[in-house]
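Below you'll find the structure, written out as structure tokens, and then a few comments.
The values are calculated or read from the model by the stated rules, or taken from the named source; none is laboratory data. Since the structure is predicted, the reported quantities are computational estimates derived from the model, not experimental observations. Every residue, glycine as well, gets a Cβ built from its backbone with ideal geometry; the counts of neighbours run over all protein chains shown.
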Amino acid sequence: MKNNLLLHVCCGPCSTHTIKELIKDYNVTLFFSNSNIYPKEEYEKRIQNARIVAKEFNLNLIEDIYDHQSWLDFIKGLEKEPEGKLRCEKCYEFRLRKTAEYAKDNDFNLFTTTLTVSPFKNAKAVSIIGNNLSKKINISFLDIDFKENNGFQNSIKLSKNLDLYRQNYCGCEFSIWEK
């Protein structure tokens, strides 16, 4: 019997390889919780791609409420932090906390995230945050660096095959301004 896993999806392209790896061993449900994404039109593009991927893999997709102001309040004071530093770690925490809480409240056995497939994300920070939330919320975190075994390259190939939109910045307004 496979465990029920809630997979936080940052975008369609990053989820492709991750899903292929996870569906071998888990009953996967996708969770799109990305209030960090700016502007709203960009959010809509990314959620549409998550829907395409969910349909392609025949998986359920749960769409969290988009609340950019809550995210801005959470990272307040870190707006000028350089990309990849403390602001990004707080952003991981914001999204992983929502995922862990949803998983706990809805009878999932564990949670994880697609964030580690990107070479632009700090997988070690994601691991620490996920494991800390696991202890606080009392739900298991599946700690995997999906970059390994050519994960990012595989996600690019799979994304091209599905004709997915590939964004050119992480998601928040600060990452747009910095690029």
Point to revise | Residues of segment 121-171 that turn out to be among the aromatic types (Phe, Trp, Tyr), within 21 Å of THR29 (Cβ to Cβ) and part of a loop (DSSP other than H, G, I, E, B), as a count | key: 1
Exercise for review: Pull up segment 156-174, narrow it to residues that are of a type in the set (S, T, N, Q) and touching a Lys or Arg at 6+ places or on another chain (Cβ under 9 Å), then point me to the one that is surrounded by the fewest Cβ atoms within 10 Å (Cβ to Cβ).
Suggested key: ASN168
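Residue-by-condition table, conditions (1) of a type in the set (D, E, K, R); (2) surrounded by fewer than 16 Cβ atoms within 10 Å (Cβ to Cβ); (3) out of contact with any Leu (no Cβ under 8 Å at 6 or more places or on another chain); (4) modelled with pLDDT under 95:
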{"site": "CYS14", "(1), (2), (3), (4)": "no, no, no, yes"}
{"site": "ILE19", "(1), (2), (3), (4)": "no, no, no, no"}
{"site": "ASN49", "(1), (2), (3), (4)": "no, no, no, no"}
{"site": "LEU59", "(1), (2), (3), (4)": "no, no, no, no"}
{"site": "ILE65", "(1), (2), (3), (4)": "no, yes, yes, no"}
{"site": "SER70", "(1), (2), (3), (4)": "no, yes, yes, no"}
{"site": "ASP73", "(1), (2), (3), (4)": "yes, yes, yes, no"}
{"site": "ASN109", "(1), (2), (3), (4)": "no, yes, no, no"}
Point to revise | Residues of segment 145-158 satisfying the condition of being of a type in the set (S, T, N, Q) and either under 16 Å from the mean Cα position of the chain (by Cα) or on the phi > 0 side of the Ramachandran plot (or both) | key: ASN149, ASN150, SER155
Point to revise | Residue list for segment 75-89, restricted to those being within 17 Å of ALA123 (Cβ to Cβ) and at pLDDT below 95 | key: GLU83, GLY84, LYS85
**Study point:** Qualifying residues in segment 21-47 (those that are charged (D, E, K, R) and within 17 Å of LEU164 (Cα to Cα)) - the one surrounded by the most Cβ atoms within 10 Å (Cβ to Cβ)
**Key:** ARG46
